[in-house]
Amino acid sequence: MARETRAQRRAARAEQAGAPPPRPPKPTADDEGDGRGRRPEPQPAAPRRSRFAFFGESWAELQKVEWPGQSQVIQATVVVLIACIVVGVYLYANDLLWKHVVQRILGQ
């Protein structure tokens, strides 16, 4: 008895799992006979949806969002403001320092 091919083993496993059978293997240049191979068949275009479908899907996604409460919004706002102040002070100090350094080097 001949050994099973890989495709046959996969098909048998798919049958046992209840999955649909696997796709047939892609044709090769040897299958054609002319050595050029086949071009893939063009896929049909997806059906166009109405413009209102976008808004409906967007609204459905917005319903899934877990919106923050008031305390979380206030806490996040305070964190952002403090971070902006810290970065602003750091940049201002650097600007003053480098302004003096550049003025001394260029002699202005």
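The values are calculated or read from the model by the stated rules, or taken from the named source; none is laboratory data. Nothing here was measured: the structure is a model prediction, and the numbers come from that model. Ideal geometry is used to build each Cβ from the backbone, glycine not excepted, and the neighbour counts take in all protein chains shown.
Could you give every pair whose Cβ atoms fall below 8 Å, whose first residue belongs to region 74-95 and is on the phi < 0 side of the Ramachandran plot, and whose second residue is not in a helix (DSSP H, G or I), counting only separations of at least 6 or pairs across chains?
Pairs that qualify, where the first residue is on the phi < 0 side of the Ramachandran plot and the partner is not in a helix (DSSP H, G or I), are 76/68.
Taking region 1-51 only, how many residues are outside any loop (DSSP other than H, G, I, E, B), at pLDDT below 65 and acidic (Asp, Glu)?
Filtering region 1-51 for residues outside any loop (DSSP other than H, G, I, E, B) gives 6-17, 29-32, 51.
Narrowing the set further to residues that are at pLDDT below 65 leaves 29-32.
Within this subset, residues satisfying the condition of being acidic (Asp, Glu) are 30-32.
The qualifying residues number 3.
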